[in-house]
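The values are calculated or read from the model by the stated rules, or taken from the named source; none is laboratory data. Computed from a prediction, not measured in an experiment: that's the story for all the values here. All Cβ positions, even for glycine, are placed from backbone atoms using ideal geometry, and neighbour counts span all protein chains on display. For the accessible areas, the whole protein counts, side chains as well, though only heavy atoms, and no ligand, DNA or RNA atoms are used. Shrake-Rupley method; radii C 1.70, N 1.55, O 1.52, S 1.80 Å.
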Amino acid sequence: MSVIKCIGILTSGGDAPGMNAAIRAVTRSAIYNGIEVKGIYHGYRGLISGEIKPFKTENVSNIIQQGGTILKTARCKEFQTTEGRKLAYETLRSEGIDALVVIGGDGSLTGARVFAQEFDYPIIGLPGTIDNDLYGTDLTIGYDTALNTIMEAVDKIRDTASSHERLFFIEVMGRDAGFLALNGAIATGCEAAIIPEISTEIDQLKELVENGFRKSKNSSIVLVAESPTTGGAMQLAERVKNEYPQYDVRVTILGHIQRGGSPSAQDRILASRLGAAAIDALLEGQRNVMVGIRNDEIVYVPFSKAVKQDKPINRELLDTLRRLSI
Ligand code: F6P
């Protein structure tokens, strides 16, 4: 196995709070171990076009607290083609980059997996997505901050819901996963969460909402995960409005506010631990794995598992939500 003298680092896909903390940790940990670092801008797109700059410790000063990613990010169609990946490989060769650290979600790590196999090239992935949908790690970088953003927003909407005695449907992100919706609902005392993992019939929804209004409460908030499976908050609200006109229904779509802001302490610590562990993994000769944390311990998860296997929702949480929303 050849010695790694220089690594490249990039962020790809949707930005997530804590990505900068991860960039800092990878950079500093690499330099600490005598490895040179090059920052690759705009994700795989910059890898193809050669948007690369040497990184010293000062390039990552004062960024641990910043949201977004100083390396910028992109969703790159060209990298999905053999031709695009060939160009990316040529850039790595000409820049003398011996290994890559890729921070991103499902799509980004899928790209990493294909590239690593195609060129027998060492890549370490870090789970960076607010969706928390990568298998093999308890948490992904950005998820906790997004959850806190949702909590603050829903708390505010609760004031209006309760003053006007309204039924709110609030749509949160998550792509095809319900982690943000389910845990967001528990954290804010919502009446229900509609998530893609569990099908919800309109009758069940009615029961949940009526229970909310009948008892001590005068308002109801339902968190809805964005997904073709749930239909999203708009569609659900329309159906409820048509069938139960007695409710004063409103919809809020939280949108990209969920991706922004300064990372929480938990995300900064997670990103710092994972970033340092990415360098340990490379030094140990690990290849083509995502570094995650399970039960507070660093784990290496093969890309094939991290992106292919569905991360299950803890059904106990659903039961907790149901029991506490009476
Ligand atoms: O994967 C992160 C995420 O924010 C998803 O929750 C959401 O479905 C998607 O990205 C939105 O992507 P974009 O910013 O490209 O609209």
### Query
Going through the stretch 276-326 one residue at a time, which ones are touching a strand residue (DSSP E or B) at 6+ places or on another chain (Cβ under 7 Å) and either closer than 30 Å to residue 219 by Cα or in a helix (DSSP H, G or I) (or both)?
277, 278, 281, 282, 303, 306, 321, 325
### Query
Out of (1) at pLDDT 95 or above; (2) within 16 Å of the ligand (Cβ to nearest atom); (3) open to solvent by less than 60 Å² (accessible area, probe 1.4 Å); (4) over 30 Å from residue 37 (Cα atoms), what's the single condition that is false for residue 267?
(4)
### Query
Out of (1) among the hydroxyl-bearing types (Ser, Thr, Tyr); (2) open to solvent by 10 Å² or more (accessible area, probe 1.4 Å); (3) within 16 Å of the ligand (Cβ to nearest atom); (4) within 30 Å of residue 282 (Cβ to Cβ), the odd one out for residue 149 is which?
(4)
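Kindly evaluate residue 193 against the criterion of being small (Gly, Ala, Ser) and part of a strand (DSSP E or B).
Working: small (Gly, Ala, Ser): yes; part of a strand (DSSP E or B): yes.
Yes: the conditions hold for residue 193.
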### Query
Does residue 66 satisfy being farther than 13 Å from residue 43 by Cβ and either within 18 Å of the chain's Cα centre (by Cα) or of a type in the set (S, T, N, Q) (or both)?
yes
### Query
Quick one: would you say residue 3 is crowded, with 22+ Cβ neighbours inside 10 Å and either among the acidic types (Asp, Glu) or away from the ligand (no atom under 16 Å from the Cβ) (or both)?
no
### Query
For residue 233, all conditions in the list (1) of a type in the set (A, V, I, L, M, F, W, C); (2) touching a Ser or Thr at 6+ places or on another chain (Cβ under 7 Å); (3) assigned to a helix (DSSP H, G or I) hold save one; what is the number of the exception?
(2)
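Kindly indicate which of 188, 140, 200 is surrounded by fewer than 22 Cβ atoms within 10 Å (Cβ to Cβ), of a type in the set (Ser, Thr, Tyr), out of contact with any Gly (no Cβ under 6 Å at 6 or more places or on another chain) and modelled with pLDDT of 95 or more. I'd like the intermediate steps shown before the answer.
Values: 140 fails: surrounded by fewer than 22 Cβ atoms within 10 Å (Cβ to Cβ); 200 fails: modelled with pLDDT of 95 or more.
It is 188.
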### Message
I'm trying to understand the selection: among the residues of the stretch 78-110, which are touching a Gly at 6+ places or on another chain (Cβ under 8 Å) and part of a loop (DSSP other than H, G, I, E, B)?
### Response
97, 105
### Summary
Checked against (1) more than 16 Å from the ligand (Cβ to nearest atom); (2) part of a loop (DSSP other than H, G, I, E, B); (3) modelled with pLDDT of 90 or more, residue 216 satisfies every condition except (3)
### Message
Return the residues of the stretch 48-61 that are farther than 20 Å from residue 115 by Cβ and either surrounded by fewer than 19 Cβ atoms within 10 Å (Cβ to Cβ) or at pLDDT below 95 (or both); say none if nothing qualifies.
### Response
53, 54, 56, 57, 58, 59, 61
### Query
Exactly one of (1) open to solvent by 40 Å² or more (accessible area, probe 1.4 Å); (2) on the phi > 0 side of the Ramachandran plot is unmet by residue 285. Its number?
(1)
#### Entry: Counted residues, the stretch 139-181 - those being assigned to a helix (DSSP H, G or I), over 25 Å from residue 296 (Cα atoms) and acidic (Asp, Glu)
3
### Query
What pairs come up if the first residue lies in the stretch 160-186 and is under 20 Å from residue 247 (Cα atoms), the second is in a loop (DSSP other than H, G, I, E, B) and within 15 Å of the ligand (Cβ to nearest atom), and their beta carbons are under 8 Å apart, counting only those six or more places apart or on different chains?
170/254; 171/226; 171/254
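Anything in the stretch 253-264 that is open to solvent by less than 40 Å² (accessible area, probe 1.4 Å) and within 16 Å of the ligand (Cβ to nearest atom)? List them, or say none. Explain how you work it out, then say what you get.
If we filter the stretch 253-264 for residues that are open to solvent by less than 40 Å² (accessible area, probe 1.4 Å), which is where we start, we get 254-255, 258, 260, 263-264.
Selection gives 254, 255, 258, 260, 263.
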### Task
Could you identify the single residue in 248, 280 that is at pLDDT 95 or above and either charged (D, E, K, R) or closer than 21 Å to residue 133 by Cβ (or both)?
280
## Note on the structure
The number of residues in the stretch 111-138 that are among the β-branched types (Val, Ile, Thr) and in a strand (DSSP E or B) is 2
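Let's see how each residue does on (1) in contact (Cβ under 8 Å) with a residue 60 or more places away in the chain; (2) surrounded by 22 or more Cβ atoms within 10 Å (Cβ to Cβ); (3) closer than 30 Å to residue 261 by Cβ:
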site: 46; (1), (2), (3): no, yes, yes
site: 63; (1), (2), (3): no, no, yes
site: 70; (1), (2), (3): no, no, yes
site: 74; (1), (2), (3): yes, no, yes
site: 85; (1), (2), (3): no, no, no
site: 105; (1), (2), (3): yes, yes, yes
site: 111; (1), (2), (3): yes, yes, yes
site: 115; (1), (2), (3): no, yes, no
site: 121; (1), (2), (3): no, no, no
